[in-house]
Amino acid sequence: MTSGAVEAARNILTRLHEVMASRNHAQSKLNNVVEVIGECLNSEVCSVYLLREGMLELYATRGLAQEAVHVTRMAVAEGLVGMIADRIETLNLAEAAAHPDFSYRPETGEDRFHSFAGVPIVRRERAVGVLCVQHVEPRRYEEVEIEALQTVAMVLSELITNADLIDEEDVNAAGSLQSGPQQLRGLALVKGLASGVAVYHQPRVTIEHIVAEDTEAERQRVILAFDKMREQIDRMSSQAEFGVGGEHEEVLETYRMFAYDEGWTRRINEAIDSGLTAEAAIERVQQRTRMRMRQIDDPLLADRMHDLEDLANRLLRIVSGQLGTAASMGLRNDAILIARNLGPAELLEYDKRRLKGVILEEGSLTSHVVIVARAMGIPVLGRVRGLRGVVREGDQLLLDADQATAMVRPPAGVVEAFEARFAKSRERQAGYAALRDVHPTSRDGTRIQVMINAGLRDDIANLTMTGADGIGLFRTEFQFLVSATLPSRERQTRLYRDVMEAAGDKPVKFRTVDIGGDKTLPYLRHDDGEGEENPAMGWRALRVALEREGLLKVQARALLEAAAGRTLHVMFPLVAEPWEFDQAKEVFERQLAYLRKQKKTLPEAIHYGVMLEVPALAEQLDILAPKISFLSIGTNDLTQFLFAADRSNPKLAERYDWLSPAILRFLRRVVRSCEGHNVEIAVCGEMGGRRLEALALLGLGIHRLSITPASVGPVKELIGKVDLAEIGAAVEGWLAAPPPDLRAALTAWAAERDIAVD
Ligand code: PEP
Ligand code: MG
């Protein structure tokens, strides 16, 4: 803003403040407003159009015929006024009639006026009206005047809201008029259908007060907020929202650049000088940037614009003290959560009854937030570019993760068709539920073990619901993730006991804490407090547990006590070398000896197992196999290490295929290495829950799968249709001479036999 603009705006704002504080009726306030603006800008005409029943209606004017007030109405997108509302854009014309969209309204008597400038009146990112000025003399308005108008339009939006001059329904409808339905495409991270309203994980702030009482105080508030925001950004690399490494670094760099940008701070301060509150000043500057950016058609710039929007919103949240996420405010309706990315703990904070789906700008199949969502049965669409530019808080959304799409602001016909598909999908689910008591057996009569992955108390119910053979992977760290502090031994014991009790005779394989990577705990940091460059390959899982023996000792005691009189299955994550297993087992054995000495009831039996996630372990399986009872292959981590491709890096999300010869050959080698040893082999990564992949695993001779509960029905159905010898021979053939596209070959094989795999 130039100093002239600051002065002009300040002048108008002071006078408007008086008008708004008066006890006049809303309409007469509006009449005064157009007078004040007209006088201050020395403008012959000043008019306000507001949205009513979907039309822009002339509500007040100085200079046009008074008979036209509440008579002249235009559709959004009709004429210059409509165009400003439709595009949320400023117009500045020396000769209005020369514009192709000009629409002449004789009742207003506007034919005398040549120049025209108009700005949208915006509420919640929707145009709810238009403020315009006109002159007889054909001239373009100066930047100073336009900026003053834009500031005044903000004040008007407050006046309009407070005076109830516009219906909430009209505000909401404004959205659909302006941008209509739109389809989003992404990557299906968790399949399923859902409908609900869009809720931003980081909610947009609603600005209550626009005109400042004390400019100096507002200035101080902004300075403090900037300091706090910069501090946050400097700390942000370790936050779940930002994941780790790769493109996140770029985003953070952009954030830093904006956060320290002097031009941005200056413009906000100028807006405060013109009489706005800190919140209004931030929004005012943001609106102006938005308008400018809208005119530039460049996808890279649009991405940066989202970053700036994020940052402005963050600044607004700090300044207004509205810091909580949408989870802390509670969901009021069925909601679809919108975010750039999320951490697993953040997702777990939401009310499961209301959270119906998640749409992310980023995300990858095996990131833990996706694993948690899958366990919660919540569909997730990820990798949706420009998501936050299209979806607004409160928009209606239909999420179809089966087709990897979502529809924003859907028209009625689409809603109907969606509902019909939704009903069909529920029917299919009911069909799978009917398989609950079926013991999964292949066509040739081999009993296959289908277990579920779990981690939370609520997951226990899935065991009965699916009729699974047990819990093949209980991620004990989930309890740690949802706690604000390290869970005490008593709390751990209680959870493990409850889980075992609920499982009855079915086995539960407890995996000791796997913290680190994308599962960070604020209360458990690396000793030197430094962030790691490659946390997935860093200080995590058993590595933490062996170093912080206290952690594993407490967990061992909790598990052993909880398993009193029962069979305990323990497995250790991320074992790379046999000695790590020996050390971990030793921690358990010492605790067992202690309990024995204390004359406590001991577990009836203890079975130790290991997760195969680090390729190096495969080289020493012959050494490890005699020591363990079971081996669970964690294909999520294994794949990232085999391909050297970070599992939570969205850029790599679609790059490598579980059905590649490299992975399948590797798994075959693991299966062969265990032959002749008394070791049960299972797969517990996400791979096993997808039917086509499960088919390949059956072909490799893997007869135990631990999968997400929603996949149990579909996988059971698959098993019943497969002849193991037949698929075994097919897989063997493909691995000996890999076809160019193994996935396609397997799909065709299944189709020929009428085996559904999607
Ligand atoms: C895996 O890595 O495949 C696994 C099952 O463990 P998590 O996904 O919890 O790392
Ligand atoms: Mg793992």
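The values are calculated or read from the model by the stated rules, or taken from the named source; none is laboratory data. Not measured: the values here are computed from a predicted model. No Cβ is skipped: glycine too gets one built from the backbone with ideal geometry, and neighbour counts run over all protein chains shown. Keep in mind that these areas ignore ligands, DNA and RNA; they rest on the heavy atoms of the full protein, side chains included. Shrake-Rupley method; radii C 1.70, N 1.55, O 1.52, S 1.80 Å.
Please tell me if Ala730 is assigned to a helix (DSSP H, G or I) and either surrounded by 15 or more Cβ atoms within 10 Å (Cβ to Cβ) or touching a residue at least 24 places away in the same chain (Cβ under 8 Å) (or both).
yes
Any idea how many residues of region 319-338 are within 18 Å of Ala194 (Cβ to Cβ) and open to solvent by less than 30 Å² (accessible area, probe 1.4 Å)?
So in region 319-338, the residues within 18 Å of Ala194 (Cβ to Cβ) come out as 326-327, 331-338.
Filter once more, keeping what is open to solvent by less than 30 Å² (accessible area, probe 1.4 Å): 326-327, 331, 335-338.
Qualifying residue count, region 319-338: 7.
When region 533-552 is examined, which residues are found to be of a type outside the set (Gly, Ala, Ser), away from ligand 2 (no atom under 16 Å from the Cβ) and open to solvent by 30 Å² or more (accessible area, probe 1.4 Å)?
In the first step, residues of region 533-552 are kept if they are of a type outside the set (Gly, Ala, Ser); the result is 533-535, 537, 539-540, 542-544, 546-549, 551-552.
Then keep just the ones that are away from ligand 2 (no atom under 16 Å from the Cβ); that gives 533, 546-549, 551-552.
Scanning region 533-552 gives Glu533, Leu546, Glu547, Arg548, Glu549.
Could you grab the pairs with beta carbons closer than 6 Å, sequence gap of 6+ or different chains, first residue in region 681-705 and open to solvent by 10 Å² or more (accessible area, probe 1.4 Å), second one of a type in the set (D, E, K, R) and in a helix (DSSP H, G or I)?
Leu700/Arg668
Pull up region 437-457, narrow it to residues that are modelled with pLDDT under 95 and among the small types (Gly, Ala, Ser), then point me to the one that is farthest from ligand 1 (Cβ to nearest atom).
Applying the filter and picking the extreme gives Ala454.
Could you check region 196-211 and list, in sequence order, the residues that are of a type outside the set (A, V, I, L, M) and modelled with pLDDT of 95 or more? Please lay out each step first, then the result.
Applying the first criterion (of a type outside the set (A, V, I, L, M)) to region 196-211 yields 196, 200-204, 206, 208-209.
The answer is Gly196, and nothing else.
Please work out if Gly357 is farther than 26 Å from Arg123 by Cβ and away from ligand 2 (no atom under 16 Å from the Cβ).
Working: farther than 26 Å from Arg123 by Cβ: yes; away from ligand 2 (no atom under 16 Å from the Cβ): yes.
Answer is yes for this residue.
Would you mind stating whether Glu726 is within 16 Å of ligand 1 (Cβ to nearest atom), modelled with pLDDT of 95 or more and not aliphatic (A, V, I, L, M)? Please lay out each step first, then the result.
Numbers: within 16 Å of ligand 1 (Cβ to nearest atom): no; modelled with pLDDT of 95 or more: yes; not aliphatic (A, V, I, L, M): yes.
No.
Of the residues in region 562-584, how many are open to solvent by 40 Å² or more (accessible area, probe 1.4 Å) and assigned to a helix (DSSP H, G or I)?
3
In region 60-82, how many are open to solvent by 20 Å² or more (accessible area, probe 1.4 Å) and either more than 39 Å from the chain's Cα centre (by Cα) or of a type in the set (A, V, I, L, M, F, W, C) (or both)?
Let us first name the residues in region 60-82 that are open to solvent by 20 Å² or more (accessible area, probe 1.4 Å), namely 62-63, 65-67, 69-71, 73, 75-78.
Filter again for either more than 39 Å from the chain's Cα centre (by Cα) or of a type in the set (A, V, I, L, M, F, W, C) (or both), leaving 62-63, 65-67, 69-71, 73, 75-77.
Residues flagged as open to solvent by 20 Å² or more (accessible area, probe 1.4 Å) and either more than 39 Å from the chain's Cα centre (by Cα) or of a type in the set (A, V, I, L, M, F, W, C) (or both) within region 60-82 amount to 12.
Across region 569-610, what is the number of residues that are among the hydrophobic types (A, V, I, L, M, F, W, C), within 16 Å of ligand 2 (Cβ to nearest atom) and farther than 22 Å from Pro507 by Cβ?
Total meeting the criteria: 1.
Name the pairs whose Cβ atoms lie under 8 Å apart, with the first residue in region 594-623 and of a type in the set (Gly, Ala, Ser), the second away from ligand 1 (no atom under 13 Å from the Cβ) and open to solvent by 90 Å² or more (accessible area, probe 1.4 Å), and 6 or more positions between them or separate chains?
Pairs that qualify, where the first residue is of a type in the set (Gly, Ala, Ser) and the partner is away from ligand 1 (no atom under 13 Å from the Cβ) and open to solvent by 90 Å² or more (accessible area, probe 1.4 Å), are Ala618/Arg669.
Which of the numbered conditions does Val33 fail, given that it passes all the others? Conditions: (1) without any contact (Cβ under 8 Å) to a residue 12 or more places away in the chain; (2) under 21 Å from Ala163 (Cα atoms).
So Val33 meets the others, but not (1).
It is to be established whether one or more residues within region 100-119 are in contact (Cβ under 8 Å) with a residue 60 or more places away in the chain, closer than 30 Å to Ala198 by Cβ and surrounded by 22 or more Cβ atoms within 10 Å (Cβ to Cβ).
Looking only at region 100-119, we keep the residues that are in contact (Cβ under 8 Å) with a residue 60 or more places away in the chain, and these are 110, 113.
Among the residues that remain, those that are also closer than 30 Å to Ala198 by Cβ are: none.
No, region 100-119 contains no residue that is in contact (Cβ under 8 Å) with a residue 60 or more places away in the chain, closer than 30 Å to Ala198 by Cβ and surrounded by 22 or more Cβ atoms within 10 Å (Cβ to Cβ).
What number goes with the only condition from (1) in contact with a Gly (Cβ under 8 Å, 6 or more places away or on another chain); (2) in a loop (DSSP other than H, G, I, E, B); (3) open to solvent by 10 Å² or more (accessible area, probe 1.4 Å) that Met305 does not pass?
(2)
Check off (1) over 26 Å from Lys191 (Cα atoms); (2) within 16 Å of ligand 1 (Cβ to nearest atom); (3) of a type in the set (D, E, K, R) for Glu675 and give me the number that stays unchecked.
Of everything listed in (1) over 26 Å from Lys191 (Cα atoms); (2) within 16 Å of ligand 1 (Cβ to nearest atom); (3) of a type in the set (D, E, K, R), Glu675 misses just condition (2).
Please go through region 608-646 and give me each residue that is open to solvent by 30 Å² or more (accessible area, probe 1.4 Å), more than 13 Å from ligand 1 (Cβ to nearest atom) and of a type outside the set (Ser, Thr, Tyr), ordered by number.
Once the filter is applied, which keeps residues that are open to solvent by 30 Å² or more (accessible area, probe 1.4 Å), more than 13 Å from ligand 1 (Cβ to nearest atom) and of a type outside the set (Ser, Thr, Tyr), region 608-646 yields Ala616, Glu619, Gln620, Asp622, Ile623, Pro626, Lys627, Phe643, Ala644.
Just give me the residues in region 212-255 being modelled with pLDDT of 85 or more, surrounded by fewer than 17 Cβ atoms within 10 Å (Cβ to Cβ) and under 25 Å from the mean Cα position of the chain (by Cα), in sequence order.
Answer for region 212-255, where residues must be modelled with pLDDT of 85 or more, surrounded by fewer than 17 Cβ atoms within 10 Å (Cβ to Cβ) and under 25 Å from the mean Cα position of the chain (by Cα): Lys228, Arg230, Glu231.
Working carefully through the options Asp437, Asp505, Asp444, find the one that is touching a residue at least 40 places away in the same chain (Cβ under 8 Å) and farther than 20 Å from Gly688 by Cα. Give the derivation first.
Values: Asp437 fails: touching a residue at least 40 places away in the same chain (Cβ under 8 Å); Asp505 fails: touching a residue at least 40 places away in the same chain (Cβ under 8 Å).
Being touching a residue at least 40 places away in the same chain (Cβ under 8 Å) and farther than 20 Å from Gly688 by Cα holds for just one of Asp437, Asp505, Asp444, which is Asp444.
Give just the number: which of (1) surrounded by 14 or more Cβ atoms within 10 Å (Cβ to Cβ); (2) assigned to a loop (DSSP other than H, G, I, E, B) does Lys600 not satisfy?
Lys600 satisfies all of (1) surrounded by 14 or more Cβ atoms within 10 Å (Cβ to Cβ); (2) assigned to a loop (DSSP other than H, G, I, E, B) except (1).
Among helices (runs of 4 or more DSSP H) lying entirely in region 358-446, which contain 2 or more residues that are open to solvent by less than 60 Å² (accessible area, probe 1.4 Å), closer than 25 Å to Asp310 by Cβ and not aromatic (Phe, Trp, Tyr)?
Working: elements: 368-376, 387-390, 412-433.
Per the criteria, 368-376, 387-390.
Rundown of residues vs (1) in contact with a strand residue (DSSP E or B) (Cβ under 6 Å, 6 or more places away or on another chain); (2) at pLDDT 95 or above, yes/no style:
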site: Gln598; (1), (2): no, yes
site: Thr601; (1), (2): yes, yes
site: Lys651; (1), (2): no, no
site: Tyr656; (1), (2): no, no
site: Ile663; (1), (2): no, yes
site: Ile681; (1), (2): yes, yes
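Looking for something within 16 Å of ligand 2 (Cβ to nearest atom), surrounded by 19 or more Cβ atoms within 10 Å (Cβ to Cβ) and modelled with pLDDT of 95 or more - is there at least one such residue anywhere in region 554-561? Reasoning before the result, please.
Filtering region 554-561 down to residues within 16 Å of ligand 2 (Cβ to nearest atom) leaves none.
Within region 554-561 (the criterion being within 16 Å of ligand 2 (Cβ to nearest atom), surrounded by 19 or more Cβ atoms within 10 Å (Cβ to Cβ) and modelled with pLDDT of 95 or more), the answer is no, since none of the residues qualifies.
May I ask you to list the residues in region 634-668 that are within 16 Å of ligand 2 (Cβ to nearest atom) and in contact (Cβ under 8 Å) with a residue 60 or more places away in the chain?
Listed by number, the residues that qualify are Gly634, Asn636, Asp637, Thr639, Gln640, Phe641, Asp646, Arg647, Ser648, Asn649.
How many of the residues in region 130-161 are closer than 24 Å to Glu78 by Cβ, in contact with an Asp or Glu (Cβ under 9 Å, 6 or more places away or on another chain) and surrounded by 21 or more Cβ atoms within 10 Å (Cβ to Cβ)?
3
Take the residues in region 339-357 that are among the charged types (D, E, K, R) and not in a strand (DSSP E or B), then tell me which one is most open to solvent (accessible area, probe 1.4 Å).
Looking only at region 339-357, we keep the residues that are among the charged types (D, E, K, R), and these are 340, 346, 349, 351-354, 356.
Now drop any that are not not in a strand (DSSP E or B), which leaves 340, 346, 349, 351-354.
Working: Arg340: 17, Glu346: 47, Glu349: 115, Asp351: 49, Lys352: 82, Arg353: 178, Arg354: 89 Å².
My answer is Arg353.
Got at least one residue in region 46-59 being assigned to a helix (DSSP H, G or I) and open to solvent by 30 Å² or more (accessible area, probe 1.4 Å)? Spell out how you get there, then give the answer.
Narrowing region 46-59 to residues assigned to a helix (DSSP H, G or I): none.
For region 46-59, residues assigned to a helix (DSSP H, G or I) and open to solvent by 30 Å² or more (accessible area, probe 1.4 Å): absent.
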